[in-house]
Each structure stands twice: as structure tokens, then as C-alpha cells.
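Heads up: the structure comes next, in C-alpha cells.
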Amino acid sequence: MLFVFVVLFFLFYAVSKPTYVATAVIGPPNPSPINSMLNSMTGLPKATTGLTSRLLGGGGNGGNDPFQEYQQLLQTPRLVNELAEHDGVLQVVFGGLWDTEKKVWMEPGGLSRFTAPIKRLMHRPVATHPNSIMLAQYLKSHLSIDQAGSVGQSATASFAGLGSSNYLVLSLRSDRPEKAELLLSKILFRADNIIRQEQMRDVDARIKYIESELLRVTQSEQRSALIQTMANQEDIKVMMVADKRFAYVLVSPPYASPIPVSPGSPGKALMITAAVSVIVWAGLVLLGAWWPWCGRLIAPFGRG
């Protein structure tokens, strides 16, 4: 039993690859002067009501809640494609296939020549190097998003039921703690940047529209209102560029403990290994009484 115990305990740590988890807590952004400025546009003179409606798409709230959009974006193909094209995420995730000296992807092995025709036959994509599809599969199995109140209960957050007051815990598993922290930071940054760029395009479109309207409008009251509106849009643009985070607030930055979550602690490993050793040894003793070859296998460990 001692022999089985030593072998199993060694395999428990030697064969098992360590897994580290980086976590971050995010929530809705703090009240921003951007929202106040957008809402204040509804107080323009009646002479410009039609222009304001066209500028804001028929409403005075300036669009959807950025945090709601951020939540929806976290697990979409668009985010995966952006991550694959920017920030060197593919090189971080699939570092073993990246030639750091030549800055190119390594050539696929000889096995790919046999598997590629099979994949084509099964209508599966064939790639010569890591791409967004492989990254999506990686994130699907390594990234999890939970409501802050349900952490520890393994309850994945339902995006449809989340409100703007909910806080989320993002967890990413990796084989190194620094890799997990880096990847999670890149995911948070890229998703926020996408939302910011979308809002920036809306602001630029409004400014361009107002500039064209100023060439046509001659009434002084309308021109003054349009100039004020354009000034507000310019201020909004400045704040969007200056804000470090736009769509969320970072309650707790990505952090991965240097202690792996898998395999477990040595004490837990000792208990599991001891229990398995007793079961294995008892099974071998019982089988040795029935099957001669099993008896000969454990005979050297018996007493003479």
C-alpha cells in the first residue's frame, strides 16, 4: 500500500498541469458628466426640436447604457475577432507555436497533412496557424463570467437578466498566473475600447451633421442652438478620449494567486492519495486470491 501511495502521490503532482485563475470585479461606471450633457440637450429651444431629434435618434438619452452593451459584448465573436487582431493575444495564448526570434508562426507539423483532409471532409475550418476560431474555443473553456453575488455557487450570469446595478466577476484560467492576469486585462481593455469607439463614431457623426446644417440654417436662434450643441459634442469627445475606462468601473483589477487551484493543496492530495491507495491495494489483494497472475504481482510485497 505504501508503494501504491508513493506512486500515486508522485503522479498527482508530476502529471497534473497546474492551473491558475485570475479574477477581476467590474461594475457600472460612475455617474459621468457625459450623460448629463446629453440629457441637457433636450432643453434646447423649440426651434431646434427637429434637429435635436435627428441628432439623437429621436430621443434625448444619447443611446443605450454603455455597461449593458459592455456585458453583452464580453462573449461575442466581435470581441474575439478584435482580440485576435490586436494586442498580441494570439501570441500570448498560443505562445508555443510562435517563433519569437523570427516573429512568425511555426509551420504546422506533419500530422496536419493527414488531419486537414479529414477536417475538410467534415466541413471544419483548416488553419495553418492560430486564428480567431481557435481563440474563441480557448476563451469558451477558460473564461467565465459570474454575478458577484453568486460567486462560489458556480452560477453563470444570465446576460438577459442583468441590470445596470449588477457587478460581475470575470475569471480566466491559465497555466501561468502572469499569463492569466495579462489575458484578462486585455479582454477588459479591448471590450471597453470597442464601446468607446462606437460612441465616438456617433459623436463625430453628430458634429459632421451640425456642420452641414450650419451652412443651411440662417435663423439666428437656430444657429446659436446648433453651435451650442456642437460645442457640447466637442466637450463629450474630449471626455471620452480622456477617460481611462468608459463603459465600466474596475472594482478589483485582475489578480491571480501564485498558488494554483489545481492540483490541490498537499494536505488534500495526501488524503485523496491515501484513500485511493487503500482501495487499490485492497482490490489487488482480493484479485490475487482469484487470479494467479495478480497474486504473483503483489507477492514480492508480502511477508515471507
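The values are calculated or read from the model by the stated rules, or taken from the named source; none is laboratory data. Treat the numbers as computed from the prediction; the structure is a model and nothing was measured. Cβ coordinates were reconstructed from backbone atoms using ideal geometry, including for glycine residues, and neighbour counts include every protein chain displayed. Areas reflect the complete protein model, heavy atoms only, side chains present, ligands, DNA and RNA absent. Shrake-Rupley method; radii C 1.70, N 1.55, O 1.52, S 1.80 Å.
Quick notes
- Of the peptides 190-202, 266-278, 212-224, the ranking by mean beta-carbon count within 10 Å, highest at the top, reads 190-202, 266-278, 212-224.
- Here's the list of lysines a cross-link from Lys17 could span, going by alpha-carbon distance under 18 Å and ignoring same-chain residues fewer than 8 apart: Lys179, Lys268.
- With protein chains left intact and a 1.4 Å probe, residues in segment 164-304 average 59 Å² of accessible area per residue.
- Rounded to the nearest 10 Å², the accessible area of Val261 at probe 1.4 Å: 90 Å²
- Calculated on alpha-carbon atoms, Rg and Dmax of segment 171-301 in Å: 33.5, 106
- Fraction of accessible area attributable to carbon and sulfur, segment 183-292 (%, probe 1.4 Å): 65 percent
- Fraction of accessible area attributable to carbon and sulfur, segment 81-144 (%, probe 1.4 Å): 59 percent
- Computed accessible area, Tyr209, all protein chains, 1.4 angstrom probe, square angstrom: 60 Å²
- Loop-resident GluC sites (Glu not before Pro) (DSSP state other than H, G, I, E or B) in segment 68-154 with no more than 14 further Cβ atoms inside 10 Å of their Cβ: Glu101.
- The packing ranking, built from the mean of other Cβ atoms within 10 Å per residue, places the peptides 130-138, 114-122 in the order 130-138, 114-122, highest first.
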